[in-house]
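A.B. asks: Can you keep this structure in mind? I'll have questions shortly.
The values are calculated or read from the model by the stated rules, or taken from the named source; none is laboratory data. Note that the structure is a prediction, hence the values are computed from the model and not measured. Cβ: placed from backbone, ideal geometry, glycine included. Neighbour counts: every protein chain shown. Just the protein is used for accessible areas: all its heavy atoms, side chains included, with ligands, DNA and RNA removed. Shrake-Rupley method; radii C 1.70, N 1.55, O 1.52, S 1.80 Å.
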Amino acid sequence: AKAQGKNRYMVHSEEFSNQTFQSFSLEQDLRVALEQRQLLLHYQPQFDLKSGELLGTEALVRWQHPERGLLAPGEFIELAEETQLIIPLGWQVIELACEQVASWNEQGLKMPCVAVNISPQQLLQMDFVEKLNALVDSQRISRDTFELEITELMIMQDPDLAMLQLHKLRESGYRIALDDFGTGYSSLDRLKHLPLDRLKIDQAFTRDIGRNSRDEAVILTIIALGSALGIEVLAEGVETQAQLDFLCNNACNSVQGYLLGRPVAPDQLTLEVLS
Ligand code: C2E
Ligand code: CA
Ligand code: CA
Ligand code: CA
């Protein structure tokens with residue numbers, strides 16, 4: 001039994017060092033990726049529920065890794081956050097989104113809004129808003145084309161600084177969305193003081209429409225809250241017609257999900273919804 005135990009330990013220890021090695025090399029790869037600009041953005045459309053009209057898109061980062069292929073953010077965002085690489089990564093994402101909007105503008109295609117995910121560390125940098133303004137203005141893009149998606153987690157990390165930054169962003173002319181709403185525990189008292197344009201209902205709730213009446217109750221509550229506070233509500237992760245019907249019947253404002261459009265490369269988005 002002792003030998004077995006030892007054997008097991010060795011297996012685990014090998015696995016462990018393997019993982020450590022893998023994440024170390026991924027970190028090196030990510031540094032190279034940032035230098036060589038291997039990141040790109042896919043865009044997922046968002047629609048108004050009543051009119052069916054295109055409201056905008058969410059920019060979702062991808063990494064074209066030279067050996068591993070196209071990586072989704074689940075495979076590298078956490079590492080980027082742990083290593084501070086999320087700051088340069090976040091700026092590249094914003095730059096890419098600006099370049100894309102400029103390119104759509106040049107082609108005469110009207111993209112009403114592009115939503116960009118902002119990580120807590122980036123938002124909480126003191127010079128974030130000034131740098132963002134400089135970047136967006138340099139491409140001669142209207143600031144209200146951008147919606148910045150932030151999470152409850154960010155607000156809980158440093159409520160006072162987050163509040164200050166959000167108000168600066170709002171005064172500068174950007175739209176602000178609270179992402180994954182319902183999964184954190186932000187106080188409603190704080191919520192009413194945040195300058196928000198949109199609440200995004202997390203897909204964990206959308207998924208259980210028709211299956212779990214408690215999740216449906218949460219969705220109805222978020223829609224009512226948004227309406228009371230004058231904030232638009234968007235449901236994420238809409239995959240079925242039944243989910244879409246429920247949201248429509250209950251006066252949700254807007255939707256995003258595989259049923260209506262997957263995240264795609266900009267050229268494909270152009271073909272699908274912008275032409
Ligand atoms: P998120 O902001 O909640 O983005 C929505 C995620 O749900 C995306 O995954 C999207 O592809 C996926 N999705 C959209 N519609 C559906 C659907 O109908 N069904 C299902 N099952 N999934 C759907 P993705 O692209 O893998 O991104 C994962 C997360 O990575 C994002 O979650 C966001 O938190 C983070 N992320 C993505 N891009 C960036 C970025 O540029 N910067 C930062 N900091 N984080 C990012
Ligand atoms: Ca998001
Ligand atoms: Ca989300
Ligand atoms: Ca999420």
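A.B. asks: Stretched out fully, how many nm does the piece from LEU124 to ASP160 gain, at 0.36 nm a residue minus the Cα gap?
C.D. replies: Gain in length upon complete extension: 11.9 nm.
A.B. asks: Another question, if that's okay. What is the helix-to-structure angle for 86-106, meaning the angle in degrees between its Cα long axis and the longest Cα principal axis of the chain, kept from 0 to 90 and rounded to the nearest 10?
C.D. replies: The two axes meet at around 40 degrees.
A.B. asks: Under a point spin-label approximation (7 Å from Cα along Cα-to-Cβ), what is the ARG190-GLU78 distance to one decimal in nm?
C.D. replies: 2.3 nm
A.B. asks: Among the listed pairs LYS50/LYS200; LYS168/LYS200; LYS110/LYS192; LYS110/LYS168, give every one whose C-alpha distance is greater than 25 Å.
C.D. replies: Beyond 25 Å between Cα atoms: LYS110/LYS192; LYS110/LYS168.
A.B. asks: Tell me the angle of helix 213-229 to the major Cα principal axis of the chain, expressed in degrees between 0 and 90 and rounded to the nearest ten.
C.D. replies: 50 degrees
A.B. asks: Here's a follow-up. Can you compute the label reach from THR183? Point 7 Å from Cα along the Cβ direction, backbone N cut-off under 11 Å, restricted to the range 190-210.
C.D. replies: Hits in the range 190-210 for THR183 at 11 Å: 201-205.
A.B. asks: Mind pulling the angle between the C-alpha long axis of helix 159-172 and the longest principal axis of the chain? Nearest 10 degrees, somewhere in 0 to 90.
C.D. replies: Tilt of helix 159-172: around 50 degrees.
A.B. asks: Same structure, new question: What 222 nm value per residue comes from the helices of the chain, counting each DSSP H run with n ≥ 4 as -39,500 (n - 2.57) and dividing by all residues, nearest 500 deg cm²/dmol?
C.D. replies: Result for the chain: -15000 deg cm²/dmol, rounded to the nearest 500.
A.B. asks: So for the range 133-205, averaging the separation of alpha carbon pairs under 8 Å that are six or more residues apart and normalising by length, what relative contact order in percent results?
C.D. replies: Worked out over the range 133-205, it gives 32 percent.
A.B. asks: So, one more: Obtain the nm distance between the two label points defined at LYS131 and LYS110 by a simple spin-label model: each point lies 7 Å from its Cα along the Cα-to-C-beta direction.
C.D. replies: With each label point 7 Å from Cα toward Cβ, the separation is 3.4 nm.
A.B. asks: Now for a separate question. When a/c reaches 1.5 or more, the comparison of a/b and b/c decides; with that in mind, is the range 18-120 rounded, prolate or oblate per its Cα gyration tensor?
C.D. replies: Taking the square roots of the gyration eigenvalues as a ≥ b ≥ c, the range 18-120 is prolate.
A.B. asks: Once you have the alpha carbon radius of gyration of the chain, what is it after dividing by 2.2 N^0.38 Å, with N set to its residue count?
C.D. replies: In units of the 2.2 N^0.38 Å rule of thumb, it is 1.10.
A.B. asks: The range 151-175 to the range 217-275: how many Å between their Cα centroids?
C.D. replies: If we compute the Cα centre of each part, the gap is 24 Å.
A.B. asks: Give me the percent of the accessible area of the chain that comes from carbon and sulfur atoms, probe 1.4 Å, all protein chains in place.
C.D. replies: Solvent-exposed carbon and sulfur of the chain make up 51 percent of the total.
A.B. asks: In nanometres, what is the gap between the two model label sites at THR240 and SER103, each 7 Å from Cα along Cα-to-Cβ?
C.D. replies: So the two model labels end up 3.7 nm from each other.
A.B. asks: Using a 1.4 Å probe, what is the accessible area per residue for the range 69-180, in Å²?
C.D. replies: Ligands and nucleic acids excluded, the figure is 43 Å² per residue.
A.B. asks: Another question, if that's okay. Quick check: from the Cα gyration tensor, does the range 182-271 come out rounded (a/c under 1.5), prolate or oblate?
C.D. replies: Taking the square roots of the gyration eigenvalues as a ≥ b ≥ c, the range 182-271 is oblate.
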